[in-house]
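Trainee: Mind looking over this structure? Questions follow.
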Amino acid sequence: MKHHNPCARFATDGFAVLRQYQTPAQVDALRSEVQRFIDTRLPALPREEVFYEDKQDAGTLKQIQRMHLHDPFFESLTVDSPLHHLATELLGQAVRPVNLQYFNKPPQIGKATPAHQDGYYFMLEPNEAVTLWLALDDVDEENGCIRYIPGSHRRGLRPHGRTQTLGFSQGLLDFGADDKQREVVLPARPGDLLAHHSLTIHRADANGSATRTRRALGFVYFAVASTVNKDQQRRHAQLMQDLRTAGKI
Ligand SMILES: O=C(O)CCC(=O)C(=O)O
């Protein structure tokens, strides 16, 4: 089915694609702001907020959490902003900003994103949230573009279990060949925005390229009407403790 209206596609498929949501000049500015954040804010962040493929090597930075809480520029991008408004429109209800994540998959070592539903991490009741994923690089099959399973947001949460992937600790246990066959593969240019519902199954391959970075920003908004289950908070605290014990963060 062809959808020209992102809200209609979001409702039917559980995701939407907004090509060139940001102009090349805006993307340049965002990349500079991310670099400024890395240079000036990163050293002071709690270690739970910053993940590296190899903690000893600053060049392997792979994720930053909650950037909007640590910097006024990223706060204004996330809160009471056009993106906040877009999230409200897509979900069809009032939303609150919860996270702004930076994702990179460094060339050669950037790992795959296991198939998952964000809602398993969020544990919201009801599970109503949206993630806006904004490409800062060309992201294609070689360096690990996003793949969605259309309509999966209408079939509830599937079982997840711990993975060994730092930053994506939970993956679908029963992701199979059928799922793979139904995937929609979504290469993105810098400035393209992908949006998905918290129950939409998605994954990405590793960065198999020799030299290309694979940077993106992920903005997470929860429905104001949804509440976080207490088990989720306990599970998150346990995960952080395990990562510290294992020396990964
Ligand atoms: O960038 C990625 O590979 C994963 C992003 C993702 O899973 C998300 O934003 O929910």
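Trainee: Scan segment 14-49 for residues that are at pLDDT 95 or above and either small (Gly, Ala, Ser) or buried (at least 18 other Cβ atoms within 10 Å of the Cβ) (or both) and report the count.
Mentor: Number satisfying all stated conditions: 13.
Trainee: Please find, within segment 149-185, the residue that is modelled with the highest pLDDT out of those that are within 24 Å of Phe222 (Cα to Cα) and of a type in the set (A, V, I, L, M, F, W, C).
Mentor: Ile149
Trainee: A further question on this structure: Could you grab me the full set of residues in segment 5-62 that are in contact with a Lys or Arg (Cβ under 8 Å, 6 or more places away or on another chain), in a helix (DSSP H, G or I) and basic (Lys, Arg)?
Mentor: Within segment 5-62, Arg31, Arg47 meet the criteria.
Trainee: Which pairs have Cβ atoms under 8 Å, sit 6 or more apart or on different chains, and link a residue in segment 126-138 that is in contact (Cβ under 8 Å) with a residue 12 or more places away in the chain and at negative phi to one that is acidic (Asp, Glu) and not in a loop (DSSP other than H, G, I, E, B)?
Mentor: From residues that are in contact (Cβ under 8 Å) with a residue 12 or more places away in the chain and at negative phi, the pairs are Ala129/Asp118; Thr131/Asp118.
Trainee: Of the residues in segment 226-237, how many are within 21 Å of the chain's Cα centre (by Cα) and either over 27 Å from Glu125 (Cα atoms) or loosely packed, with under 13 Cβ neighbours inside 10 Å (or both)?
Mentor: We begin by selecting, within segment 226-237, every residue within 21 Å of the chain's Cα centre (by Cα); these are 226-229, 232-233, 235-237.
Within this subset, residues satisfying the condition of being either over 27 Å from Glu125 (Cα atoms) or loosely packed, with under 13 Cβ neighbours inside 10 Å (or both) are 227, 233, 237.
Number of matching residues: 3.
Trainee: Being within 11 Å of the ligand (Cβ to nearest atom), more than 16 Å from Pro97 (Cα to Cα) and part of a strand (DSSP E or B) is the filter; apply it to segment 114-142 and report the residue that is farthest from the chain's Cα centre (by Cα).
Mentor: Once the filter is applied, the top-ranked residue is Val139.
Trainee: Which of the residues belonging to segment 69-95 are part of a loop (DSSP other than H, G, I, E, B) and more than 16 Å from Gly14 (Cβ to Cβ)? Outline the logic, then answer.
Mentor: First, the residues of segment 69-95 that are part of a loop (DSSP other than H, G, I, E, B): 70-71, 79-81, 92-94.
Within segment 69-95, His70, Asp71, Val79, Asp80, Ser81, Ala94 qualify.
Trainee: Give just the number: which of (1) within 9 Å of the ligand (Cβ to nearest atom); (2) crowded, with 21+ Cβ neighbours inside 10 Å does Gly218 not satisfy?
Mentor: Condition not satisfied by Gly218: (2).
Trainee: Mind checking which residues of segment 188-209 are under 19 Å from Leu136 (Cβ atoms) and aliphatic (A, V, I, L, M)?
Mentor: Once the filter is applied, which keeps residues that are under 19 Å from Leu136 (Cβ atoms) and aliphatic (A, V, I, L, M), segment 188-209 yields Ala188, Leu193, Leu194, Ala195, Ala204, Ala206.
Trainee: Right, here's the next one. What are the residues in segment 200-215 that are crowded, with 21+ Cβ neighbours inside 10 Å and either over 22 Å from Arg147 (Cβ atoms) or in contact with a His (Cβ under 8 Å, 6 or more places away or on another chain) (or both), if any?
Mentor: Passing the criteria: Thr200, Ile201, His202, Arg203.
The values are calculated or read from the model by the stated rules, or taken from the named source; none is laboratory data. This one's a predicted model, so the numbers in the text were calculated from it and none came from an experiment. Backbone-built Cβ (ideal geometry, glycine too); neighbour counts: all protein chains shown.
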